[in-house]
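Notes to accompany the following structure.
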Amino acid sequence: MSRHVIVTGASRGIGAAIAQHFVALGDQVVGLSRSGVAPAGCTDARAVDVADADAVGAAVKASVERLGPVDVMVVNAGVTRDGLALRMSDEQWREVLATDLDGAFYCARAVLPSMVRNRRGAIVFIGSVSPFMGVPGQANYAAAKAGLVGMARSLATEVASRSITVNVVAPGLIDTEMTTDLASREAMTARIPLGHAGTPSDIAGVVGFLAGNHARYITGAVIVVDGGLSLGH
Ligand code: NDP
């Protein structure tokens, strides 16, 4: 059965790999990002800033009108604006919180009515191991990603009676544009027990599993996908 899947941040990196994963399964995939770009095979691509609640609501509404209830929502869009807290500007703090946490809430809230009516659905948030490890320069990012875990676990309890699952995938160091210029990249790679950074498809496979039938009894979970980077933290 072809599912209606929405992936935020589908224009590149992890989100693009996730969108491609579902396209390959024969699902109808809608990609949301500021640029409005989505991988080949997607049913629709829309330019949406996830920090804009009205824009998110309108995009999801249009998608439901066209493709029916949302089966899977992958909340992946995210940004980093690293800097030591002592010098972090309000803007750096707000931009990360607005995209990575506010935006995640707006996306989940927007798909819930159709999932609740349909008595089925899976929401997968892309978190990070950053809040579990304590990474210097990421007070804003770690706060947002830690917030996601609390939000997901609360949501999971609110919608479980409608057979909707809500989970978090927490990647470690993954090769994408986001990590190309990461100052601590080399040092971090040296600390990965499996010996190398992950690829976007390493994350896509786990997201695909969580959205599928084999994971229907998993909700409120945080699945760490980091090659062992956060072990011992
Ligand atoms: P990229 O920078 O490669 O891609 C980010 C994606 O998010 C792009 O598609 C971008 O599209 C979209 N995006 C950013 N801001 C917004 C916004 N306001 N509204 C809509 N879309 C937006 O990042 P990654 O693929 O590496 O990261 C994806 C997710 O995985 C993020 O949540 C990140 O925090 C998380 N993550 C990544 C890790 C890594 O090592 N790469 C590690 C742990 C977590 P556009 O510019 O077109 O808007």
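Relative contact order of the stretch 4-225: what whole-number percent is it, with Cα pairs under 8 angstrom and at least 6 residues apart? Don't skip to the answer; put the middle values down first.
Values: 448 pairs, mean separation 45.2, N = 222.
Reported relative contact order: 20 percent.
Which parts of the stretch 160-183 would a label at residue 35 reach, counting a residue when its backbone N lies under 19 Å from a point 7 Å out along Cα-to-Cβ?
Residues passing the 19 Å test: 174-182.
Suppose each label sits 7 Å from its Cα in the direction of the beta carbon; what would the residue 161-residue 117 distance come out to in nanometres?
Using points 7 Å along Cα→Cβ, the separation is 2.0 nm.
Go from 0 up to the bin containing the longest alpha carbon distance in the stretch 150-203, width 10 Å each, and give me the % of pairs per bin.
Over the stretch 150-203, the share of Cα pairs per 10 Å bin runs 21, 34, 22, 20, 3 percent.
Heavy-atom accessible area per residue, the stretch 4-225, 1.4 Å probe: how many Å²?
On the way: 10030 Å² over 222 residues.
About 45 Å² of surface per residue is accessible.
Looking at the stretch 70-128, which trypsin sites (Lys or Arg not before Pro) are DSSP coil and have at most 15 other C-beta atoms within 10 Å of their C-beta?
Values: sites: 81, 87, 94, 109, 117, 119, 120; in loops: 81, 119, 120.
In loop regions of the stretch 70-128 (DSSP not H, G, I, E or B), the sparsely surrounded trypsin sites (Lys or Arg not before Pro) are 119.
Give me the percent of accessible area attributable to carbon and sulfur for the stretch 156-223, probe 1.4 angstrom.
54 percent
Rounded to whole Å and ordered largest first, report the semi-axes of the equivalent ellipsoid of the stretch 102-233 derived from its Cα gyration tensor (root of 5λ).
Sorted largest first and rounded, they come to 29, 16, 12 Å.
After finding the eigenvalues of the alpha carbon gyration tensor for the chain, what semi-axes result from the square roots of 5 times each, listed largest first in whole Å?
Listed largest to smallest, the semi-axes of the chain are 27, 19, 17 Å.
Could the peptides 122-128, 202-208 be put in order, highest first, of the mean number of other beta-carbon atoms found within 10 Å of their residues? Present the calculation step by step, with values, prior to reporting the outcome.
Numbers: 122-128: 27.3, 202-208: 22.1.
For the peptides 122-128, 202-208, the packing ranking is 122-128, 202-208.
First compute the accessible area of the stretch 1-83 with a 1.4 Å probe, then give the percent of it belonging to carbon and sulfur atoms.
Carbon and sulfur atoms account for 48 percent of the accessible area of the stretch 1-83.
The values are calculated or read from the model by the stated rules, or taken from the named source; none is laboratory data. For clarity, every value in this text was computed on a predicted model and none was experimentally measured. Please note: Cβ atoms are built from the backbone with ideal geometry, for glycine as well, and neighbour counts cover all protein chains shown. Accessible surface is based on the protein model in full, side chains and every heavy atom, while ligands, DNA and RNA are left aside. Shrake-Rupley method; radii C 1.70, N 1.55, O 1.52, S 1.80 Å.
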